[in-house]
Amino acid sequence: MNTNREVLKEFVRPHLTEERFRHTIRVTDTAHQLSGRFGGDSDKIEEAGMLHDYAKFRPKEEMARWISGSVELPKDLLDYSPVLWHGPVAVKMLEKEWGPLQPEVRTAIASHTTGKAHMSLYDKIIFLADYIEPARAFPGVEEVREIAEESLDRACLAALTNTIGFLMKKKQTVYPDTFHAYNELQRKQEEHYG
Ligand code: DGI
Ligand code: FE
Ligand code: FE
């Protein structure tokens, strides 16, 4: 068995519910499948997948303190849903509670919920794996899974389109980085096919 996986499992398990722990394993396995198709280093995928929801259950007040207190974390997060805070905050908590993270792992964890402009291969793989892991049942997820067989960019774009549409239909705000991610990938498609 992968020793790194065992170490990561025991590290994250106490921080997650059983259901969230199982989601974490599914995201990591899905990320490895995507990486087999699109590339990337498997140790980095493993770490980013296993750690991406590390801060999911931290109290809102604690996450808000991390955001206010860190020079690196964008303060505008505080104007948006607390659901968006656990990725960026996890990176800061992990530096203290786990150890140094490689840059690719940091940004993949930080951007896994919102996406961002100029996502790296790792950012896209974790973002997409979180969206399409086998237990996800959002409307439209099956189409995103099919696109993910062929194109990482088009699959991320489809996931972003669904999420933005879903948030708007529910009359919720959308974090600007989500639009930046959408715009960049949409523009890329237009340049290819337009
Ligand atoms: O932590 P997970 O439940 O595994 O998934 P996640 O970190 O992707 O959180 C997803 C939720 O965040 C999803 O239900 C949509 C919601 N959300 C709220 N505001 C925004 C947002 N997602 C994006 N991309 N942008 C937003 O502004
Ligand atoms: Fe998450
Ligand atoms: Fe997740």
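Counting only residues that are of a type in the set (Lys, Arg) and away from ligand 3 (no atom under 11 Å from the Cβ), how many does segment 46-63 have?
To start, the set of residues in segment 46-63 that are of a type in the set (Lys, Arg) comprises 56, 58, 60.
Of the ones still in play, those that are also away from ligand 3 (no atom under 11 Å from the Cβ) are 58, 60.
Residues that pass the stated criteria total 2.
For the list (1) within 16 Å of ligand 2 (Cβ to nearest atom); (2) modelled with pLDDT of 95 or more; (3) out of contact with any helix residue (DSSP H, G or I) (no Cβ under 6 Å at 6 or more places or on another chain), I need the number of the one condition that LYS171 fails.
Unmet for LYS171, out of (1) within 16 Å of ligand 2 (Cβ to nearest atom); (2) modelled with pLDDT of 95 or more; (3) out of contact with any helix residue (DSSP H, G or I) (no Cβ under 6 Å at 6 or more places or on another chain): (1).
Kindly provide the set of residues from segment 68-102 that are away from ligand 3 (no atom under 16 Å from the Cβ) and more than 20 Å from ASP123 (Cβ to Cβ), ordered by number.
Scanning segment 68-102 gives SER68, GLY69, VAL71, LYS75, LEU78, ASP79, LYS96, GLU97, GLY99.
Would you please name the residue that is nearest to ligand 3 (Cβ to nearest atom), looking only at residues in segment 164-194 that are polar (S, T, N, Q) and within 17 Å of MET119 (Cα to Cα)?
Going through the qualifying residues, I end up with THR178.
Find all pairs meeting these conditions: Cβ atoms under 8 angstrom apart; at least six residues apart or on different chains; first residue within segment 95-124 and touching a residue at least 12 places away in the same chain (Cβ under 8 Å); second residue away from ligand 2 (no atom under 15 Å from the Cβ) and of a type in the set (S, T, N, Q).
The qualifying pairs are GLU104/SER120; THR107/SER120; ALA108/SER120; ALA117/ASN183.
Can you work out which of the residues in segment 23-57 that are of a type in the set (Lys, Arg) and within 12 Å of ligand 1 (Cβ to nearest atom) is nearest to LEU8 (Cα to Cα)?
First, pick out the residues of segment 23-57 that are of a type in the set (Lys, Arg): 26, 37, 44, 56.
Checking the rest, the ones that are also within 12 Å of ligand 1 (Cβ to nearest atom) come to 26, 56.
Values: ARG26: 14, LYS56: 16 Å.
Ranking the candidates gives ARG26 first.
Right, ILE67: among the β-branched types (Val, Ile, Thr) and either in contact with a Pro (Cβ under 9 Å, 6 or more places away or on another chain) or without any contact (Cβ under 8 Å) to a residue 40 or more places away in the chain (or both) or not?
Yes.
Here is a list of conditions, (1) open to solvent by 50 Å² or more (accessible area, probe 1.4 Å); (2) in contact with a helix residue (DSSP H, G or I) (Cβ under 8 Å, 6 or more places away or on another chain); (3) more than 13 Å from ligand 3 (Cβ to nearest atom), and GLU146 meets all of them except one; can you say which number that is?
For GLU146, the exception is condition (2).
Identify all residues within segment 61-75 that are in a helix (DSSP H, G or I) and open to solvent by 50 Å² or more (accessible area, probe 1.4 Å); write none if there are none.
GLU61, ARG65, TRP66, SER68, GLY69, LYS75 - these are the residues of segment 61-75 that are in a helix (DSSP H, G or I) and open to solvent by 50 Å² or more (accessible area, probe 1.4 Å).
State which residue pairs qualify: first residue free of Cβ contacts under 8 Å to residues at least 12 places away in the same chain and inside segment 165-194, second residue among the aliphatic types (A, V, I, L, M) and open to solvent by 90 Å² or more (accessible area, probe 1.4 Å) in any location, beta carbons under 8 Å apart, and separation of 6 or more residues or different chains.
Matching pairs, first to second residue: VAL174/MET168.
Going by what's in this entry, would LEU128 be described as part of a helix (DSSP H, G or I) and within 27 Å of ALA64 (Cβ to Cβ)?
The answer is no for LEU128.
So if I check each of GLY87, GLY165, which one is exposed (fewer than 14 other Cβ atoms within 10 Å of the Cβ), assigned to a helix (DSSP H, G or I) and of a type outside the set (D, E, K, R)?
Values: GLY87 fails: exposed (fewer than 14 other Cβ atoms within 10 Å of the Cβ).
Exactly one of GLY87, GLY165 is exposed (fewer than 14 other Cβ atoms within 10 Å of the Cβ), assigned to a helix (DSSP H, G or I) and of a type outside the set (D, E, K, R), namely GLY165.
The values are calculated or read from the model by the stated rules, or taken from the named source; none is laboratory data. On a predicted model such as this, the values are computed, not experimentally measured, just so you know. Neighbour counts are summed over all protein chains in view; Cβ atoms, including those assigned to glycine, are modelled from backbone coordinates with ideal geometry. Calculation scope for accessible area: heavy atoms of the full protein, side chains included, ligands and nucleic acids excluded. Shrake-Rupley method; radii C 1.70, N 1.55, O 1.52, S 1.80 Å.
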